[in-house]
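Novice: My structure is below; once you've seen it, I'll send some questions.
The values are calculated or read from the model by the stated rules, or taken from the named source; none is laboratory data. For clarity, every value in this text was computed on a predicted model and none was experimentally measured. Neighbour counts are summed over all protein chains in view; Cβ atoms, including those assigned to glycine, are modelled from backbone coordinates with ideal geometry.
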Amino acid sequence: MPNPFVQPCPSSSSYPSSSSSLSPRHPQRFLLDCGATSSSNVGARVWLPDSEFISSGTPKNVFRGARYMVRTTYFYGGVNGPQHPSPPAFDQIVEGTFWSVYRVQYLYGFRPVYIGFRVCDFGRFLYNTTDFSKFGLSLVARHSFGYSGPAIGYPDDIFDRFWEPFGENSPPKQTAAIITSKFQILRALYFAENNESSLGDARILSIIVNGITYYQDLKVTSAGVVVFASQWPLSGPVTITLTPAASSSLGPLINAGEIFDVLPLGGRTLTRDVIALERIKNSLQNPPLDWNGDPCMPRRYSWTGITCSKGSRIRVVTINLTSMDLSGSLSPSIANMTALTNIWLGNNSLVGHIPDLSSLKLLKTLHLEDNQFSGEIPSSLGNISNLYEVFLQNNNLTGQVPTNLIGKPGLDLRTSGNSFLSPAAP
């Protein structure tokens, strides 16, 4: 069993205030009301419309390296009509990692579709036994013990969490059973002394999980204490037993508990490739609709026309948007994608000059045929040693075909259908 980690419960006074000095400054929270056209105030919280966050997103609104707690809320009001009574289900993806399958709740009489999105920076206070450079946490259960009402939140909870009731409305018991599936999990147990009942007496207890001593002689204080577990595979019923220490004058008590799946992060496409693809997307007037998020991850959701390398260093190796009815131009930023081996953009309506691609040392095939490219063919193409196919026929290219392309051994060069000053290649 992994060693648990104990720390005092964080309070609002221990969390950086809005006036605290952070370098660089990053947002601690934002709440989105998806589909709304203006901001609204609900329960002293300001909800923002999502117009600046949808599609390609707004990178300035999150800070890489910070730790964010994200909660999404969905309700469905039957917008698809009686022929489609079942609410939709979809996959949630965060930063290239498949997070969960979400099945939307049906709420009769509600507006057609409601999506809420909460983001809160939890800093270094919570769940800090987890290496967030390698793992993420997906909530399985969050329970308040000894309470049987609806889900409850606390105004002074700086992390804005909701706690579901667990069991009957009775004082916290010595034993609580929580059902989980077989996952690597992180468990957090919360304890706080009731000042009115303790009257100075000590409450000291041991925590036993499935018959194994998990933490011994935990002293509970009025300020509260939280006990974290690191990764631990469990399956089926999980029984948590609290036993008083011999020196304790009070019985055991537990206030709340959480269980998370520990998810290995799926990796991210190399940043320079992502930036280059975003610039290519912006240079196109009608890019593929799914060109949002991470281009390569999760792999079954990679962008249309994008093929990526395997392994830990994820690069884009092929762009294939042949016959996609694209218009616009080809951004010079494509030259920054130095792992590219194939560029296939034939049979579209692209205009402008062909960028200098001499930095693409691994490039093997370049298909730009049947477009409206103009200007001269960059002579630097002849310096790419691996290049064996260059298809440029049926464009508006002018000037002369570079001699280092015409005489390049092993190169299949096609340039017919252009307005060259010298004889075109076949």
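Novice: Suppose the filter is closer than 30 Å to Ser144 by Cβ, surrounded by fewer than 17 Cβ atoms within 10 Å (Cβ to Cβ), in contact (Cβ under 8 Å) with a residue 12 or more places away in the chain and not basic (Lys, Arg); does Gly251 pass it?
Specialist: Values: closer than 30 Å to Ser144 by Cβ: yes; surrounded by fewer than 17 Cβ atoms within 10 Å (Cβ to Cβ): yes; in contact (Cβ under 8 Å) with a residue 12 or more places away in the chain: yes; not basic (Lys, Arg): yes.
It is true that Gly251 is closer than 30 Å to Ser144 by Cβ, surrounded by fewer than 17 Cβ atoms within 10 Å (Cβ to Cβ), in contact (Cβ under 8 Å) with a residue 12 or more places away in the chain and not basic (Lys, Arg).
Novice: Answer yes or no: is there a residue in segment 158-181 that is at pLDDT below 60, surrounded by 14 or more Cβ atoms within 10 Å (Cβ to Cβ) and among the aliphatic types (A, V, I, L, M). Spell out how you get there, then give the answer.
Specialist: First pass over segment 158-181, keeping only residues at pLDDT below 60: 168-181.
Filter once more, so that each one left must be surrounded by 14 or more Cβ atoms within 10 Å (Cβ to Cβ): 172-174, 176, 178, 180.
Within this subset, residues satisfying the condition of being among the aliphatic types (A, V, I, L, M) are 176, 178.
Yes: one or more hits.
Novice: Let me ask another. Quick one: is Leu350 of a type in the set (A, V, I, L, M), within 19 Å of Leu411 (Cα to Cα), touching a Phe, Trp or Tyr at 6+ places or on another chain (Cβ under 8 Å) and assigned to a strand (DSSP E or B)? Lay out the reasoning, then the answer.
Specialist: Working: of a type in the set (A, V, I, L, M): yes; within 19 Å of Leu411 (Cα to Cα): no; touching a Phe, Trp or Tyr at 6+ places or on another chain (Cβ under 8 Å): yes; assigned to a strand (DSSP E or B): yes.
Here the answer is no, as Leu350 does not meet what is asked.
Novice: Looking at segment 139-155, which of the residues that are surrounded by fewer than 16 Cβ atoms within 10 Å (Cβ to Cβ) and of a type outside the set (A, V, I, L, M, F, W, C) is nearest to Ile93 (Cα to Cα)?
Specialist: Here the residue is Gly153.
Novice: For segment 353-373, enumerate the residues that are in contact with a Gly (Cβ under 9 Å, 6 or more places away or on another chain), polar (S, T, N, Q) and either at pLDDT below 95 or not in a strand (DSSP E or B) (or both).
Specialist: First, the residues of segment 353-373 that are in contact with a Gly (Cβ under 9 Å, 6 or more places away or on another chain): 353-354, 367-373.
Now narrow it down to the ones that are polar (S, T, N, Q): 371-372.
Within segment 353-373, Asn371 is the sole residue that qualifies.
Novice: Moving to a separate point now. Out of (1) more than 22 Å from the chain's Cα centre (by Cα); (2) assigned to a loop (DSSP other than H, G, I, E, B), the odd one out for Pro237 is which?
Specialist: With respect to (1) more than 22 Å from the chain's Cα centre (by Cα); (2) assigned to a loop (DSSP other than H, G, I, E, B), Pro237 is out only on (2).
Novice: Among the residues of segment 391-416 satisfying the criterion of being in contact with a helix residue (DSSP H, G or I) (Cβ under 9 Å, 6 or more places away or on another chain) and not β-branched (Val, Ile, Thr), which is modelled with the lowest pLDDT? Even if it seems obvious, please write down each step before you answer.
Specialist: Just the residues of segment 391-416 that are in contact with a helix residue (DSSP H, G or I) (Cβ under 9 Å, 6 or more places away or on another chain), to begin with: 402-408, 411, 413, 415.
In the following step, the residues that additionally are not β-branched (Val, Ile, Thr) were identified as 402, 404-405, 407-408, 411, 413.
On the way: Pro402: 91, Asn404: 91, Leu405: 92, Gly407: 83, Lys408: 89, Leu411: 94, Leu413: 94.
Result: Gly407.
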